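The structure appears below as structure tokens.
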Amino acid sequence: MHRIDPVSIQLFLAAAREGSIKRAAETEHIAQSALSRRIADLERSLGVTLLVRSPSGVALTEAGVRALELGRKLNEDIAAFAREVQDLGDQVAGTVRLSASPSSIVGFLPERLHAFRASHPHVDIALHERSTSETLRACLADHADVGVGVAIDGARGLESWHFAQDPLMVLLPAGHALAARTGLRYAEVLQYPLVIVQQGGALDTELRDRAAEAGLPMRQSVAVSSFEAACRMVEAGLGLAVIPHSATTAYAGTRGFVRVPLDEPWRQRELRVYAPRKTPRLRAVEALIAALRAEPPAGPSEGG
């Protein structure tokens, strides 16, 4: 058997993921003919067919399915090899896999990551946006080195540290009857249809639980997948939204929005940094954790 090129395995994984040679070539920034040739060379080296080609795309053979499983693991092992060897150099270097919730990305991480990169120019951040529950699972499965998400009790197998306070606000259209208020109880908010963000997520679950505790129905106007979309729906008059302060600051920047604090004891929402319990950690990972734990100067996106 000829020597197998890791790059060819990477290209095979891309084709399997995309279901198309053409799309894989676009994502990997390589000519379509070159990618097809590299996969054909890989198949010849292995002595098996991995992909069935057709005008509509590619499909995995039985050998291709197994090659996909092993190739993914090999890819992870190569990445771990590079990260751990880089960690032994004179400089703090390497790639840190960071998984973070949408609100932390919108409201806090850009500035903190910019400051971290300025002080650690040889460290790359591979940032993935995930819900808090997905972030915790990624950390536990060793798919992420560091996570940022909403505080959750009993995150077993993980260490956590305070990251930021991100209290809940009520977002209303500018001409709404409650727009002039300085605070709103949740019972008042529930009198109106709500724009739901990330149905089934941590925030949606909490809001539904609080409504049930109060014995009040929660009327859904529309469900969206992002805070930006929620703000646009509120601006158009489709309902009110209860979202983190960071999101209202980032997206509610037009005269079509009014932000009013939610007047409830549970409005305070803590974000935390999570990491798997490991000793020792890579120096780049330790450096990022330390940077995220550090209290930044007070700014408009950190307040309540």
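The values are calculated or read from the model by the stated rules, or taken from the named source; none is laboratory data. Model, not experiment: these values are computed from the prediction. No Cβ is skipped: glycine too gets one built from the backbone with ideal geometry, and neighbour counts run over all protein chains shown. Ligands, DNA and RNA are excluded from the accessible area calculation, which covers all protein heavy atoms including side chains. Shrake-Rupley method; radii C 1.70, N 1.55, O 1.52, S 1.80 Å.
In segment 1-26, whose amide N lies under 12 Å from the spot 7 Å out along Cα-to-Cβ of residue 32? List them in ranges.
20-26
Quick check on segment 4-73: take the gyration tensor over C-alpha atoms, sort the square-rooted eigenvalues as a ≥ b ≥ c, and tell me if it's rounded (a/c under 1.5), prolate or oblate.
The shape class here is rounded.
Classify segment 166-266: rounded, prolate or oblate, from the alpha-carbon gyration tensor (a ≥ b ≥ c, eigenvalue square roots; a/c under 1.5 rounded; otherwise prolate if a/b is larger than b/c)?
Judged from the Cα gyration tensor, segment 166-266 comes out rounded (a/c under 1.5).
Would you kindly derive the ³J(HN,Hα) couplings of segment 279-295 from the backbone phi angles with the Karplus curve 6.51 cos²θ - 1.76 cosθ + 1.60 (θ = phi - 60°), listing them in order in whole Hz, with x for Gly and Pro?
Working through the residues one at a time gives 9, x, 9, 4, 4, 5, 5, 4, 5, 5, 4, 4, 5, 6, 6, 5, 6 Hz.
Over the chain, calculate the relative contact order: mean separation of alpha carbon pairs under 8 Å at least 6 apart, over the residue count, as a percent.
Averaging sequence separation for qualifying contacts and normalising by length gives 21 percent for the chain.
What accessible area per residue, rounded to a whole number of Å², is obtained for segment 18-107 using a probe radius of 1.4 Å?
In whole numbers, segment 18-107 has 57 Å² accessible per residue.
Tell me the label-point distance for the pair residue 220, residue 278, using the 7 Å Cα-to-Cβ offset, in nm and rounded to one decimal.
Output for this residue pair reads 3.7 nm.
Longest segment of the chain with no trypsin sites (Lys or Arg not before Pro) in a DSSP loop having at most 12 other Cβ atoms within 10 Å?
Longest stretch, sites excluded: 4-155.
Tell me, what % of the accessible area of the chain is carbon and sulfur with a 1.4 angstrom probe?
Roughly 53 percent, rounded to a whole number.
From the backbone phi of segment 229-238, what are the Karplus-calculated ³J(HN,Hα) couplings (6.51 cos²θ - 1.76 cosθ + 1.60, θ = phi - 60°) in whole Hz, Gly and Pro given as x?
5, 4, 4, 5, 5, 5, 4, 7, x, 7
What full-extension length gain, to one decimal in nm, is calculated for residue 77 and residue 270 as 0.36 nm per residue of separation minus the Cα-Cα distance?
Extending this stretch completely gives an extra 66.0 nm.
For residue 257, list long-range residues whose amide hydrogen, built 1.01 Å from N in the peptide plane, is under 5 Å from its own amide hydrogen.
Here 174 satisfy the definition.
With contacts defined as alpha carbon pairs under 8 Å and 6 or more residues apart, what's the relative contact order of segment 166-266 in percent?
48
Taking a 1.4 Å probe, which of 169, 218, 233 shows the most accessible area, and what order do the others take after it?
Ranking 169, 218, 233 by accessible area, largest first, yields 233, 218, 169.
Could you tell me how far the Cα centroid of segment 257-298 sits from the Cα centroid of segment 1-48, in Å?
Measuring centre to centre over Cα atoms gives 40 Å.
Specify whether the C-alpha gyration tensor of the chain places it in the rounded, prolate or oblate class, a ≥ b ≥ c being the square roots of the eigenvalues: rounded for a/c under 1.5, otherwise prolate if a/b is larger than b/c and oblate if not.
prolate
So what's the back-of-envelope 222 nm ellipticity for the chain, counting only DSSP H runs of four-plus at -39500 (n - 2.57) apiece and dividing by all residues, rounded to 500?
-13000 deg cm²/dmol
Relative contact order for segment 42-156: what percent, with Cα pairs under 8 Å and sequence separation of 6 or more?
23
Between residue 122 and residue 17, what is the FRET efficiency for a Förster distance of 35 Å, r being their Cβ-Cβ separation, to the nearest 0.05?
E(calc), rounded to 0.05, equals 0.75.
Could you pull out every residue, at least 5 positions away or on a different chain, whose amide H is within less than 5 Å of the one on residue 61? Hs are placed 1.01 Å off N in the peptide plane, and Pro or chain starts have none.
51, 52
Using amide H atoms built 1.01 Å from N in the peptide plane, name the residues 5+ places from residue 148, or on other chains, whose amide H lies under 5 Å from its own.
99, 100, 101, 274
Taking θ = phi - 60°, what integer Hz values does the Karplus form 6.51 cos²θ - 1.76 cosθ + 1.60 yield along segment 263-276, in sequence order, with x for Gly and Pro?
8, 9, x, 8, 5, 5, 10, 8, 9, 10, 8, 10, 7, x
Please calculate how many Å² of accessible area segment 166-266 carries per residue, with a 1.4 Å probe and no DNA, RNA or ligand atoms counted.
45
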